[in-house]
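Visitor: My questions all concern the structure below.
Every number here is computed from the coordinates shown, using simple stated rules; none is lab data. Just so it is clear, the structure is predicted and the values come from calculations on it, not from any experiment. Cβ sites come from the backbone with ideal geometry, for glycine too, and all protein chains shown count toward neighbours.
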Amino acid sequence: MSAASDYLENKVLDHVLDNTAFSQPGGIYLALFTADTGLEGNSPSAEISTSGTAYGRQSVAFAAASSGSASTNATVTFSAATSNWGTVTHVAVMDASTSGNVLFYGAVTTSKTIETGDTFQVSSGNLTVSLA
């Protein structure tokens, strides 16, 4: 995943070039999407619905960056779906458990249809964010 949202690009540029402080988010969360609609511009509209589905963003942790990238350092497991979530095609690293801002986003390697009783999991080290 190497796509940064417009929001994050502007915050980093302002922080580095304009001496405008950028505060680290209080938490980092992984969100699932059925399309990339609005992710770059920070107005995502295809996130899995939270209404009656047992879906919720999950906390995600990354190891220290090296050579321009950082990978997850723990497995992220979403709750079992209580109804069909649709086909997960994209993920995003967000700065809040609900609402908030997209930081990084990208397509999953293999789309996954989540039906009632299914879970979605990202194994430790299998999600990498890079600025390369």
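Visitor: If Leu39 meets every condition in (1) closer than 14 Å to Val122 by Cβ; (2) within 12 Å of the chain's Cα centre (by Cα); (3) among the aliphatic types (A, V, I, L, M) apart from one, which number is that one?
Guide: It is condition (1) that Leu39 fails.
Visitor: Give me a count of the residues in segment 108-132 that are surrounded by fewer than 16 Cβ atoms within 10 Å (Cβ to Cβ) and hydrophobic (A, V, I, L, M, F, W, C).
Guide: Result for segment 108-132: 2.
For (1) over 15 Å from Phe33 (Cα atoms); (2) hydroxyl-bearing (Ser, Thr, Tyr), each residue gets a yes or a no:
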residue	(1), (2)
Val60	yes, no
Thr82	yes, yes
Trp85	no, no
Met94	no, no
Ile114	no, no
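Visitor: How many of the residues in segment 37-50 are among the small types (Gly, Ala, Ser), over 16 Å from Val88 (Cα atoms) and touching a residue at least 12 places away in the same chain (Cβ under 8 Å)?
Guide: 1
Visitor: Can you tell me which of (1) without any contact (Cβ under 8 Å) to a residue 40 or more places away in the chain; (2) over 12 Å from Leu30 (Cβ atoms) is the one Asn101 doesn't meet?
Guide: Against the list (1) without any contact (Cβ under 8 Å) to a residue 40 or more places away in the chain; (2) over 12 Å from Leu30 (Cβ atoms), Asn101 comes up short only on (1).
Visitor: Here are some conditions: (1) farther than 18 Å from Pro25 by Cα; (2) under 13 Å from the mean Cα position of the chain (by Cα). Val60 meets all but one. Which one does it not meet?
Guide: So the condition that Val60 fails would be (1).
Visitor: Report whether or not Val108 is assigned to a strand (DSSP E or B) and under 12 Å from Leu127 (Cβ atoms).
Guide: Yes.
Visitor: State all residues of segment 1-36 that are in contact (Cβ under 8 Å) with a residue 40 or more places away in the chain, among the hydrophobic types (A, V, I, L, M, F, W, C) and not in a loop (DSSP other than H, G, I, E, B); if no residue qualifies, say none.
Guide: Ala3, Ala4, Leu8, Leu30, Ala31, Leu32, Phe33
Visitor: Hey, another quick one. Which ones in segment 37-73 are of a type in the set (A, V, I, L, M) and either under 21 Å from Leu131 (Cα atoms) or assigned to a strand (DSSP E or B) (or both)?
Guide: Leu39, Val60, Ala61, Ala63, Ala64, Ala65, Ala70
Visitor: Now for a separate question. Can you name the residue in segment 1-56 that is among the polar types (S, T, N, Q) and in contact with a helix residue (DSSP H, G or I) (Cβ under 6 Å, 6 or more places away or on another chain) and is also surrounded by the most Cβ atoms within 10 Å (Cβ to Cβ) among such residues?
Guide: Only one residue tops the list, namely Asn42.
Visitor: What tally of residues in segment 80-105 results from selecting those that are under 16 Å from the mean Cα position of the chain (by Cα) and in a loop (DSSP other than H, G, I, E, B)?
Guide: 7
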